[in-house]
Structure formats: structure tokens, C-alpha cells
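So the structure is just underneath, and the comments pick up after that.
Nothing in this text is a laboratory measurement; each read-out follows from the coordinates by a stated rule. What you see is a predicted model, and the numbers here were worked out from it, not measured in a lab. Note that we place each Cβ from the backbone using ideal geometry, even for glycine, and neighbour counts take in every protein chain shown.
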């Protein structure tokens, strides 16, 4: 059910009227007097005559609540509103809902880890709504370019780094009319989006199109421009630091400097920039995160056999389940519970790696069980190349001492405000490790709000917390079981021959069908149930707005009981 009002025949002219026989009262009367001319309704003892609202001790309260998907979204996308518009066929309006908060729906629709789907109430009913695919669909078709609310001013804000956090901050500042300059030390715009994510996950033309939206808003980009000292930007009124975690963490074992040993982020960057990378016939990837899995899948596409070696078990692997399953489908092998102790070399080039078997002990500070070496369990694996992908960290050498740094991370509050006035930060420099794209975009958005407040002399305020709608709060009588829409994917053998995008997209018909599966938790989509079922006709509708006529509402609670999505609550009178 997505909101199809009941149809009632009219005795006057035989037309069908959408809705129910009742609604806005005029001079104590009802819409019934128009639908059924001559009807007598103001008889003694009726609600209209006696205004029985005075009998009430509880009353209905209509209030939008927080859907689990929206609460889980690091960016704050209003998912129910967008999907409701999409289900109605209002595609451009739906796309605009996403770009209100997220400058890159086509990107997130491909690479986001979709926590929204993990929290979707529908998963308790059948399967979660394919929100990521719907965001991709809308991101791919959006036609209207975002425009600033006023013409951009002279450069006022400097953004260091053009990764997702920096671009998000620039976007939301440009929307507010600020002149923004983005400094990027690499030759391309996008940070890790451009050099750290393989093309089979994120085609470069998609990234370039999303970046053009920012250029159309007046954002200025300076590539090949590294900021080596923050004092270089003293003429700007505010600075946002979003440089990303671009330095790989070394293995710390002998032989690591041998030819054929790569850092994971270095390997991906060279591939994405079109540089030659030699992996030979056998490649070992050390690590268990998404970067390690990306490296392994890329190496497979270069024609070699690949084994990932990870020191814990699969349950502790930080990589997403989808990425791991994708790697296995492409022929990548995974060796669990093993850690490197030495890189083996021959003539200055890597020839293999010596490992030690591990067992899992008590949990460490990460919450995962600590790997413990097993004495006497060493073994060797041959290799023509080794990719170390055990972690990354940001380069903070350009920061002045006035900015507090702790454990390799810039210290700031929830709005990205650092210890130095006028300087803000977000993304990896705050988290201290490669953060998910959506998390970085969300941090850039929050920092843009704080910068706007800083420059206008205001204080940023968080939205008032709203009650989350749980699965148990829904009226499931109005929903039917529907299968989740799937999209085609390249087969494993076909994938490893190319860097073409693996996953297909939805067409308009499939997208609307999938959007109709959304429960719209806590969000009124004008289903009209409250209007239809109110026995006192106290629910009044004007266009798409509803009001409760408290003169006649007895507080029976039927409207709240029949609301499919928990928009209406019964609250004590007074």
C-alpha cells in the first residue's frame, strides 16, 4: 500500500470521488452535503451538534518520525521522502531530495556500504529495500545542476584535499554562496575516489560528472598544488582540512624494500593513473580490509593468481561481505590466521613471503580477538609481487602546533572545529584511518554548516532528536510481501578480463517498483487512512495537509491504529 484512497460513488451525477464521504466542515456541515445533496446530518445528538471533542482525554498527534534507514545514513539523506517521490514517478524531484544532503548520489549509489539497508525495517518482513541501487538510479539521471543560493563571492574558504570530505564541504559551502578554492596535490580531482577505488566499482566518467556539478556552482580547483604549510592560506577566512589517509602502514619485516613490494594505496593509485604495474604470475596481498580486497581483485585483472593473507579469521575481516564474496567469485584465494615475518628475495626482487600461523586470543582495543603467533608454525608462500595493505594514515606534517593532534588524528568536535580558530577538519584526518565514503561526506557536510555559522557569527545547532520507528510500530496489515529487485552482474570469469563496471543499474520501471516496497517508516505519504477511518470525520484534508478538528475528535485512537507507518500517536490531553 502506497496510498490509494478509497473510491465512493456519487448519487449526484454518477462520478467517482477520491477519498471518503467526509472531510472539511463548513458552517457545522460536512462534505457529505456536497456528495449527497439533501442529506440531513445535523440531527440532535450528533458529533456536529454537540461538539463531542469535549469528551476526550487523549488526542491524536501527527508528527514525522525518524526511519531506521535515515538514522543510519552518515550523510543524513531523507530516504523515505526520496523513495516516496520515486514511487510516484516524480524522478527529478526524488533526485533533488538526495542532492540536498549528498553531492554525489551516483557515487554513493555504487560504493556506499549502505548501512541504511542493514537497518531497514523491511528486512524483518522479507528483504531490505535496495536503497543503494535506487540512489544510483536517481544519481545517474539527475538533470538539473545544483545552484548556489546566491552568486559565489570572492574566495573566502580554502579546502585542502579533494576527497569525499573536502568535496562535500566545498559543495555545501558553495550552495550557501561562499567562494571556495580546493587545493589538491595530485593531478586529478577526487582524492581516494579517483585514485583509491578501482574503476570496476566506480567508473571515472561518473566521478568526473559529479565533480562538474561543483565546478558549475563556482568551486575552483587547483590540482598539483600541495599545501606544505597552513600559513600559506592566511588570506582565507576559514580553512577545511580533508587530506585523507594517503600513507600506507609498513609491515615492519625484513625485505620490505625489495623490488615488487607495493603499498596497497600506492598500487591502486598507479593503476588508476594509468602507470605500469608489474605483478608477475603470483601475487600475495597482506591485509583484510577493503583496500586489501580491492588490490587483490585488481591484481586478478592483471592476469595473475592472487592470495590474500590475513592474520585473523573471516569473522574479524574489516572488508565488507560483498567485497569478500566478489573476490572469491573472481578466483582470489584467502589464507586466514597467518602473519608475515619476512619478505624473501632473490637478486633484490621479491620471491616469496615467510609467514607464521596465528591463533585468536582475547579481544583487543578494536573489539576483535587478538592474533597470537603459534611457535614453530612458520611456512612460506612463493610470490612475484607482494601488496601490503594493512592500514593507512594521514600526513599531518603541514599542520602548525596550535592544532591539537592526538594518536595521529586531528582533535575536533562534532562540527569539525579544531583547536585553532577558523580551521576545521573532517574525514580521515579526524578518524585516523581510511573512512567510508559516506562517513567522509557526512563530516564534510557538518563542517560546512559550522563554517557558515562561524563566518556569520552564529552557533551550529544539531537537529532535535526524533523518535525512531521500529518494526513493531508498523501496521503490517497494509503491506504485502514483494521480492527485492536484483540487477545483473558480470560473471566471475568475465570480470577478470576487464576493468568495466561489474554491477548493472535499474531501469525506471524497476526503480519505481523497488521504491514501492518502502514502508515510509514515520513519514506520511498521504495514504488517507486517517481521513477514511475517522468515525467522527474529525480528520480534515486540504491538498496534501491533514488537520485534526479537536472540536469533534473523541480520542478513539482509530486513526493512530490504522496508520501503517506510525505517523500518528495518541497523547494525553493537555
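Each of 243, 99 has some number of other Cβ atoms within 10 Å of its Cβ, and from fewest to most they run 99, 243. Could you please state, rounded to a whole Å, how far the C-alpha centre of the stretch 539-574 is from the C-alpha centre of the stretch 391-455? Each part reduced to its Cα centre gives a spacing of 45 Å.
Ranked by Cβ crowding within 10 angstrom, fewest neighbours first, how are 317, 570, 192 ordered?
570, 317, 192
Using a simple spin-label model with pseudo-atoms 7 Å out from Cα toward Cβ, residue 402 and residue 322 lie 4.3 nm apart. By the count of other C-beta atoms within 10 Å, a proxy for reagent exposure, 114, 407, 78, 57 are ordered fewest to most as 407, 57, 78, 114. Starting from the Cα of residue 349, step 7 Å toward the Cβ, then list every residue of the stretch 263-307 with an amide N under 14 Å from that point. Label zone hits: 277-283. With both labels modelled 7 Å from their Cα along Cα-to-Cβ, the residue 64 to residue 377 distance reads 5.4 nm.
Projected label points at residue 516 and residue 123, each 7 Å from Cα along the beta carbon direction, are separated by 2.5 nanometres.
Axis angle, to the nearest 10 degrees, between helix 164-175 and the longest C-alpha principal axis of the chain: 40 degrees.
Helix 204-216 sits at what angle to the longest principal axis of the chain, using alpha carbons and giving 0 to 90 degrees rounded to 10? Tilt relative to the chain: about 60 degrees. According to the Kirkwood relation over distinct C-alpha pairs, the hydrodynamic radius of the stretch 462-573 is 17.7 Å.
In the chain, the longest principal axis of the Cα atoms and the axis of helix 91-101 are about 60 degrees apart.
Taking 37 °C and 0.692 mPa s as the conditions, I'd like the Stokes-Einstein D for the chain in µm²/s, using the Kirkwood hydrodynamic radius from alpha carbon pairs. It would help to have the intermediate numbers written out before the result.
On the way: Rh = 27.0 Å.
The estimated diffusion coefficient comes to 122 µm²/s.
Computed extension length for residue 270-residue 500: 81.0 nm, one decimal, from 0.36 nm per residue of separation with the Cα-Cα distance subtracted.
Computed over the chain, the per-residue total of -39500 (n - 2.57) for DSSP H runs of n ≥ 4 gives a 222 nm mean residue ellipticity of -7500 deg cm²/dmol, rounded to 500.
Can you pull the Rg over Rh of the stretch 250-389, Cα-only, Kirkwood? The partial results should precede the final answer.
Working: Rg = 14.5 Å, Rh = 15.1 Å.
My calculation puts Rg/Rh at 0.96.
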